[in-house]
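One structure is given here, and the rest of the page talks about it.
The values are calculated or read from the model by the stated rules, or taken from the named source; none is laboratory data. What you see is a predicted model; the values in this text were computed from it and never measured. Cβ placement follows ideal geometry from the backbone for every residue including glycine, while neighbour counts extend to all protein chains displayed. Quick note on the areas: whole protein, heavy atoms, side chains included, nothing else; ligands and nucleic acids left out. Shrake-Rupley method; radii C 1.70, N 1.55, O 1.52, S 1.80 Å.
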Amino acid sequence: MIDDEQDVRRHVIKNIEDVGLPFQVVAQFDNGLDAKDAIMSDPPDLIVTDIRIPYIDGIALAKEIKLAALMTKVVIITGYVFFDYAKNALEYGVTSFITKPVSPDELFEALQKIKNILDEEFSKSATMARLQKF
């Protein structure tokens, strides 16, 4: 979870833990630079990031993840709804866009969508591995 506001991080982390899906928060950051370093050294399945964070914003972070060809999924949360942000977010592979304040239902829907995508990718990867052995 990446957000420069500690209260927002706590709220979103609690909601992630409470939704009942198999996601675990393994790190939290208050800026994009520290998050980028951690993501590049040990890519997670998913990041949830605010769009406006210090040093590297959420869109630029999504771009870095895409350029590095990581399989990491990105959910962006924001208090700002601008077309350009959404357009850039889609261009860089952002899976979901959630507005603040983050509601548990909206977060659940985004996480469920990502879980389905990850399950499908894992299944395809396992099938390809079996085919290669065959």
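Quick look at the values:
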| read-out | value |
| --- | --- |
| The listed residue being under 26 Å from LYS14 (Cα atoms) and surrounded by fewer than 17 Cβ atoms within 10 Å (Cβ to Cβ), out of GLU120, GLU106 | GLU106 |
| Residue ID - most open to solvent (accessible area, probe 1.4 Å), chosen from residues in segment 1-17 that are of a type in the set (Asp, Glu) and assigned to a loop (DSSP other than H, G, I, E, B) | GLU5 |
| Residue within segment 40-50 that is part of a strand (DSSP E or B), farther than 20 Å from GLU91 by Cα, of a type outside the set (Asp, Glu) and under 15 Å from the mean Cα position of the chain (by Cα) present | no |
| VAL26 hydrophobic (A, V, I, L, M, F, W, C) and open to solvent by 20 Å² or more (accessible area, probe 1.4 Å) | yes |
| LYS100 being open to solvent by 100 Å² or more (accessible area, probe 1.4 Å), modelled with pLDDT under 90 and among the basic types (Lys, Arg) | no |
| Top-ranked residue of segment 31-44 - restricted to ones that are over 16 Å from ILE76 (Cβ atoms) and of a type in the set (D, E, K, R), ranked as surrounded by the fewest Cβ atoms within 10 Å (Cβ to Cβ) | ASP42 |
| Matching residues in segment 99-134 - criterion: being without any contact (Cβ under 8 Å) to a residue 12 or more places away in the chain, aromatic (Phe, Trp, Tyr) and either in contact with a Phe, Trp or Tyr (Cβ under 6 Å, 6 or more places away or on another chain) or not in a loop (DSSP other than H, G, I, E, B) (or both) | PHE122 |
| Restricting segment 64-84 to residues that are in contact with a Ser or Thr (Cβ under 8 Å, 6 or more places away or on another chain) and assigned to a loop (DSSP other than H, G, I, E, B), the residue that is modelled with the lowest pLDDT | VAL81 |
| Qualifying residue in segment 74-93 (condition: touching a residue at least 60 places away in the same chain (Cβ under 8 Å), surrounded by fewer than 18 Cβ atoms within 10 Å (Cβ to Cβ) and under 20 Å from VAL25 (Cβ atoms)) | no |
